[in-house]
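What follows draws every value from the coordinates through simple rules; no lab data is involved. Here the structure is a predicted model, which is why all the values come from computation and not from measurement. Every residue, glycine among them, receives a Cβ derived from its backbone with ideal geometry; neighbour counts consider all protein chains shown.
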Amino acid sequence: MQNNGYVYVASVNKAYYNAAKISAQSLLDFYPEAKISLFTHAEWVEDSDYDIFDQIITDNIPNHIRAKLWALSQTPYDLTLYIDCDTMIQHEDISNVFDLIGNNDILFTRNRPYNAKITKLSDTEEMIYHCGLFLYRNNENTRTLMDNWYTGYLEQTAPDWNSDPYPSQVRKWDTFTMWKLLNKTEHGVRVGDFPQPDARWNFVIGYRPSELQGTEPVIFHYTIPVDELNKNEIYNIK
Amino acid sequence: MSDVEVSKYKNPIWQNKDNRHIVCEILQANGEYALCHVVAGPESEGGVNLDYDNIISEFGIEDLDVRTSEHKKIKEQRLITEKEEAEAKQMRMKQEVLFNMKLEAFENDLIQSSEDKDLKKLIRKSKTPIEVQAYATILIQRELEKNAK
């Protein structure tokens with residue numbers, strides 16, 4: 001029997017922790033048996049959070065905007081749906097998401113260039129995968145990929161990193177780190193796409209409703225407003 | 001110093017060919033180009049405009065036709081892009097309003113603590129603000145009635 005579940009990661013700003021709880025509650029409304037884990041800072045955790053999350057992992061969580069990349073290889077599940085905190089579940093089909101993995105090790109939804117800050121890297125290279133939600137198998141290859149994602153992102157954001165031959169604005173995007181790993185390294189991970197219409201599994205605010213092809217969205221993905229981030233607590237390592 | 005002769009006229013296009021009306025940039029005394037309208041009037045009236053004659057002499061009527069056609073295409077494309085951007089902005093705003101309404105609904109204590117999963121799901125699935133409002137109202141009413149018993 002496989003042990004499958006959903007993972008949220010909230011670090012740096014408490015707005016992400018609050019958003020993770022809201023999203024996980026919406027998940028439970030549609031799938032009360034869902035196993036959900038949260039990686040976050042111990043100081044933020046409240047007793048009532050255990051009504052939502054099966055596991056709350058707080059050991060050694062980096063106070064880093066991309067703490068998710070650190071957490072991914074430590075998933076307690078065989079199959080994991082990683083979900084960004086700024087999401088809301090809107091459909092019962094969320095319970096069937098693990099059936100979609102097939103023979104793949106990881107499934108992504110596609111970026112929509114009209115709704116993304118940057119996707120095109122050159123005339124022939126494009127960051128096609130959205131990295132705010134993905135389904136993955138817990139095996140050696142994917143764990144290594146995830147760990148390399150974190151270390152690659154740390155390197156990419158170091159002051160001496162050179163983006164050449166790619167645009168300098170890729171630096172802050174973990175999407176670029178993943179693109180590079182998938183396209184420039186021997187990762188051995190079988191990569192696939194969510195079934196069409198993939199937008200229903202990660203309907204990002206700004207997507208055209210036609211992307212749903214008449215289906216209902218399962219996951220709505222918004223962006224936490226800057227003023228919400230500004231008024232929330234920034235985590236300080238004690 | 002460059003020996004290349006600088007043209008007095010730049011980027012001419014027809015505003016109204018029948019009226020021999022050209023829009024172009026003309027070099028000013030201060031060394032900068034300014035957008036100008038050059039009108040010679042209908043040929044049948046025999047009007048004369050020196051700038052018009054100079055532009056036709058320098059660029060030719062066919063070149064102005066091509067430039068005007070290209071300018072029209074660019075303008076049309078810009079209008080399409082602007083319309084798409086405006087529609088995208090409006091759609092995003094609608095999505096934000098709807099989503100914020102759902103968030104606000106679930107901030108309500110009665111809704112949050114309710115065990116009526118069916119109505120909660122209907123609120124989350126709502127496609128319009130009116131649906132959110134309606135389902136939220138029904139849920140609150142049910143919870144109030146339940147609490148009153």
Ranked A:223, A:175, A:124, criterion: other C-beta atoms within 10 Å, fewest first: A:124, A:223, A:175
Reachable lysines from residue B:17, criterion Cα separation under 24 angstrom, eight or more residues apart if same chain: B:8, B:72, B:73, B:75
Residues B:118, A:164, B:53, A:86, sorted so that the one with the fewest Cβ neighbours within 10 Å comes first: A:164, B:118, B:53, A:86
Cα-centre dipole for chain A with unit charges at Cβ (Lys and Arg positive, Asp and Glu negative), debye to 20: 620
Segment residue A:139-residue A:122, length gained on full extension (0.36 nm per residue, minus Cα span): 2.9 nm
Residues in segment B:4-35 that a label on residue B:66 would reach, taking backbone N under 16 Å of a point 7 Å out along Cα→Cβ: B:11-14
Translational D in µm²/s for segment A:4-231 (Stokes-Einstein at 25 °C, 0.890 mPa s, Kirkwood Rh from C-alpha pairs): 136
Computed lengthening from residue A:96 to residue A:151, 0.36 nm per intervening residue step minus Cα-Cα distance: 16.6 nm
Residues residue B:11 and residue A:193, FRET efficiency given R0 of 51 Å [Cβ-Cβ distance, rounded to 0.05]: 0.65
For the protein assembly as shown: span of alpha carbons on each principal axis (Å, largest first): 92, 58, 44
Residue exposure sequence - B:36, A:85 - by fewest surrounding Cβ within 10 Å: B:36, A:85
Residue B:90-residue A:236 pseudo-label distance in nm [points 7 Å out on the Cα-to-Cβ vector]: 4.8
Alpha-carbon Rg with Dmax, taken over segment B:90-148, Å: 11.7, 43
FRET efficiency, residue A:3 to residue A:47 (Cβ-Cβ, R0 35 Å, nearest 0.05): 0.90
Loop-exposed GluC sites (Glu not before Pro) per DSSP, neighbour cap 15 Cβ within 10 angstrom, longest uninterrupted part of chain A: A:47-124
Distance histogram for segment B:9-84 (every C-alpha pair counted, 5 angstrom bins, percent rounded to whole numbers): 3, 16, 22, 22, 15, 11, 7, 3, 1, 0
